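Data first, discussion second: the structure below is written as structure tokens.
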Amino acid sequence: MSPVHDLQTRQTIVRLLSSMGSAKEISQYLKRFSQLDAARFAVVKVGGAVLRDDLAALTSSLAFLQDVGLTPIVVHGAGPQLDAELAAAGIEKRTVDGLRVTSPQALAVVRRVFHRQNLTLVEALQAQDARATSIVSGVFEADYMDRDTFGLVGNVRGVQLAPIQASLQAGSIPVIASLGETAGGQILNVNADYAANALVRELRPYKIVFLTGTGGLLDGEGRIIDSINLTTEYAQLMAQPWIDGGMRLKLEQVKQLLDGLPPASSVSITRPAQLAKELFTHKGSGTLVRRGERVLEAASWEQLDLPRLRALIESAFGRRLAADYFQRTALYRAWVSENYRAAVILTQEDLGLAEPGVYLDKFAVLDEAQGEGLGRAVWQVMRAQVPRLFWRSRLGNPVNAFYFAECDGCIKQPRWKVFWYGFDDPATIARCVEHCRTRPATLEEPVQQQERT
């Protein structure tokens, strides 16, 4: 990317995303994306319902990425369109374990529908002055999944990148249909999620995005699940009675995919209109699914790697931690991600009541881990074990929006905001607030300022 175009890219993104995230966030993602080759930016899987119901938002978001010098690789399905065409042809829909059984008669419809939907998306992108290439064959080498059970349904056994690379080299968005071919040339119907997963394993892109009509995975009350740490939450989620067949299959596929990728990899599930927000801000949108890290619990400093913990805190806050912090701070509990990229540190404080109050002394997340949901995962492990908590945060702290969502109440002081959850007695809350007002600071002047003096 030329310096002039790089500057234009940054200006365009900052202008369009200024209401979504901070300049610091946007700069972080720009730096990350600029260091990637075209094939490693993003694989975007588009569901058939999105092509049917949200084509304008989809093409607008994809064209925007191309405008700022980023070229996603798009793989699409066509489930609802297939249902309608098969019904019109008098062919009964049958599924096994969430996968469509495909007879020779059905395959003819599958090929026709996929070709039509592929061209629909390509032409819509071209109408937005975006460059896009239709790829309906030659990418996915496949074998029969189980011919007796599924018929003409394929498992991807290899990926041919040449058609994709040719498109990327021409600065064109590859739009790929999830159709596979056997070594003998037989076309097979491939589940679009499986096709996207095979492509991801081959390319190992920085971002993996699934665009859906729901905009994320939904909980038992129909609300979008913000983030999922598979290491700590997968078994519990899969045991929920509201997990239906489609969502169960999706979670299984995502877990299988992430198990074979680097630990920092993640899958974002969102709506087309929210794609830019998902890619360029920490908060993102929809559901972020991470392989995640184990969360370690400690009841004493001796159980932790204190140099690594100090480095995490100082990096996250941009301030020096008091030299005697670990000596003067009586630890109640700490939860730390296994790679020391996020941590919650709690103390017990004498509030002059029958029981001491539990105080959040530090909540630290490395910049590189922000946007991954790791901090939230550590927080949730802590919160499941701590019924009452109070803490303070500096005015203007970007994490305050998260704290507001997690607290039962907040009081503003001249230097601090005081938060709490689990307390309902006004006298107790008043003690918490007073403690926060008089508590000595343990973070010293900013690191950069210290290094300059």
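The values are calculated or read from the model by the stated rules, or taken from the named source; none is laboratory data. Here the structure is a predicted model, which is why all the values come from computation and not from measurement. Note: ideal-geometry Cβ built from the backbone for every residue, glycine included; neighbour counts use all protein chains shown. Ligands, DNA and RNA are excluded from the accessible area calculation, which covers all protein heavy atoms including side chains. Shrake-Rupley method; radii C 1.70, N 1.55, O 1.52, S 1.80 Å.
Give me the residue from the stretch 48-72 that is open to solvent by less than 10 Å² (accessible area, probe 1.4 Å) and in a loop (DSSP other than H, G, I, E, B) and, out of that set, nearest to Gly216 (Cα to Cα).
Here the residue is Pro72.
Suppose the filter is more than 30 Å from the chain's Cα centre (by Cα) and within 29 Å of Ala369 (Cα to Cα); does Arg392 pass it?
Numbers: more than 30 Å from the chain's Cα centre (by Cα): no; within 29 Å of Ala369 (Cα to Cα): yes.
Criteria not met by Arg392.
Exactly one condition in (1) in contact (Cβ under 8 Å) with a residue 40 or more places away in the chain; (2) hydrophobic (A, V, I, L, M, F, W, C); (3) open to solvent by 20 Å² or more (accessible area, probe 1.4 Å) is false for Phe363; which is it?
Among (1) in contact (Cβ under 8 Å) with a residue 40 or more places away in the chain; (2) hydrophobic (A, V, I, L, M, F, W, C); (3) open to solvent by 20 Å² or more (accessible area, probe 1.4 Å), the lone unmet condition for Phe363 is (1).
Given the condition assigned to a strand (DSSP E or B) and on the phi < 0 side of the Ramachandran plot, answer yes or no: does some residue in the stretch 192-208 qualify?
Yes, there is a match, as at least one residue in the stretch 192-208 is assigned to a strand (DSSP E or B) and on the phi < 0 side of the Ramachandran plot.
Being small (Gly, Ala, Ser) and surrounded by fewer than 18 Cβ atoms within 10 Å (Cβ to Cβ) is the filter here, so list the residues in the stretch 138-151 that pass it. First the steps, then the outcome.
Step one: of the stretch 138-151, the residues small (Gly, Ala, Ser) are 138, 142, 151.
Selection gives Gly138 alone.
Please work out which residue is nearest to the chain's Cα centre (by Cα), limiting yourself to the stretch 216-248 and to residues that are crowded, with 19+ Cβ neighbours inside 10 Å and of a type in the set (Gly, Ala, Ser).
Taking the candidates together, the pick is Ser227.
Taking the stated definitions as given, is Gln448 exposed (fewer than 13 other Cβ atoms within 10 Å of the Cβ), modelled with pLDDT under 95 and of a type in the set (S, T, N, Q)? Before you say what the answer is, go through the steps one by one.
Values: exposed (fewer than 13 other Cβ atoms within 10 Å of the Cβ): yes; modelled with pLDDT under 95: yes; of a type in the set (S, T, N, Q): yes.
So Gln448 fits the description; yes.
Please find, within the stretch 89-115, the residue that is least open to solvent (accessible area, probe 1.4 Å) out of those that are of a type in the set (A, V, I, L, M) and assigned to a loop (DSSP other than H, G, I, E, B). Can you show your working first?
Of all residues in the stretch 89-115, those of a type in the set (A, V, I, L, M) come to 89, 91, 96, 99, 101, 106-110, 113.
Then keep just the ones that are assigned to a loop (DSSP other than H, G, I, E, B); that gives 89, 91, 101.
On the way: Ala89: 60, Ile91: 42, Val101: 24 Å².
Here the residue is Val101.
Against the condition closer than 30 Å to Tyr234 by Cα, open to solvent by 70 Å² or more (accessible area, probe 1.4 Å) and of a type in the set (S, T, N, Q), how does Gln370 come out, does it pass?
Numbers: closer than 30 Å to Tyr234 by Cα: yes; open to solvent by 70 Å² or more (accessible area, probe 1.4 Å): no; of a type in the set (S, T, N, Q): yes.
The answer is no for Gln370.
Restricting the search to the stretch 373-410, which residues are crowded, with 18+ Cβ neighbours inside 10 Å and closer than 17 Å to Glu349 by Cβ?
Met382, Leu389, Phe390, Trp391, Arg392, Ser393 - these are the residues of the stretch 373-410 that are crowded, with 18+ Cβ neighbours inside 10 Å and closer than 17 Å to Glu349 by Cβ.
Report the residue count in the stretch 346-390 for those that are touching a His at 6+ places or on another chain (Cβ under 8 Å) and either of a type in the set (D, E, K, R) or assigned to a helix (DSSP H, G or I) (or both).
1
Pick from Leu296, Leu306, Leu251: which is more than 21 Å from Arg383 (Cα to Cα), open to solvent by 30 Å² or more (accessible area, probe 1.4 Å) and among the aliphatic types (A, V, I, L, M)?
Among Leu296, Leu306, Leu251, only Leu306 is more than 21 Å from Arg383 (Cα to Cα), open to solvent by 30 Å² or more (accessible area, probe 1.4 Å) and among the aliphatic types (A, V, I, L, M).
Which condition does Arg333 not pass, out of (1) open to solvent by less than 20 Å² (accessible area, probe 1.4 Å); (2) free of Cβ contacts under 8 Å to residues at least 60 places away in the same chain, if it passes all the others?
Of (1) open to solvent by less than 20 Å² (accessible area, probe 1.4 Å); (2) free of Cβ contacts under 8 Å to residues at least 60 places away in the same chain, only one is false for Arg333: (1).
Quick one: is Val74 at negative phi and modelled with pLDDT of 95 or more? Steps first, please.
Numbers: at negative phi: yes; modelled with pLDDT of 95 or more: yes.
In short, yes.
In the stretch 96-139, which residues are polar (S, T, N, Q) and within 30 Å of Ala56 (Cβ to Cβ)? Steps first, please.
We begin by selecting, within the stretch 96-139, every residue polar (S, T, N, Q); these are 102-103, 105, 117-118, 120, 126, 128, 133-134, 137.
If the condition is that a residue be polar (S, T, N, Q) and within 30 Å of Ala56 (Cβ to Cβ), then Gln117, Asn118, Thr120, Gln126, Gln128, Thr133, Ser134, Ser137 are the ones that fit.
If I ask for residues that are touching a Ser or Thr at 6+ places or on another chain (Cβ under 8 Å), open to solvent by 10 Å² or more (accessible area, probe 1.4 Å) and either part of a loop (DSSP other than H, G, I, E, B) or of a type in the set (Ser, Thr, Tyr) (or both), which ones from the stretch 152-171 would you list?
Scanning the stretch 152-171 gives Leu152, Ala170, Gly171.
Could you say which residue among Gly171, Gly184 is modelled with pLDDT under 95 and under 24 Å from Thr59 (Cβ atoms)? Spell out how you get there, then give the answer.
Values: Gly184 fails: under 24 Å from Thr59 (Cβ atoms).
One residue alone meets the criteria, Gly171.
Can you pull out every residue in the stretch 211-236 that is part of a loop (DSSP other than H, G, I, E, B) and either farther than 30 Å from Leu55 by Cα or small (Gly, Ala, Ser) (or both)? First the steps, then the outcome.
Initial filter on the stretch 211-236 (part of a loop (DSSP other than H, G, I, E, B)): 212-217, 219-223, 225-226.
Residues satisfying the conditions are Gly213, Gly215, Gly216, Gly220, Gly222.
Just name the residue that is surrounded by the most Cβ atoms within 10 Å (Cβ to Cβ) out of those in the stretch 411-442 that are part of a loop (DSSP other than H, G, I, E, B) and touching a helix residue (DSSP H, G or I) at 6+ places or on another chain (Cβ under 7 Å).
Of the residues in the stretch 411-442, the ones part of a loop (DSSP other than H, G, I, E, B) are 413-415, 422-425, 439-442.
With touching a helix residue (DSSP H, G or I) at 6+ places or on another chain (Cβ under 7 Å) added as a condition, the list becomes 413, 423, 442.
Details: Gln413: 13, Phe423: 18, Thr442: 16.
Filtering first and then ranking leaves Phe423.
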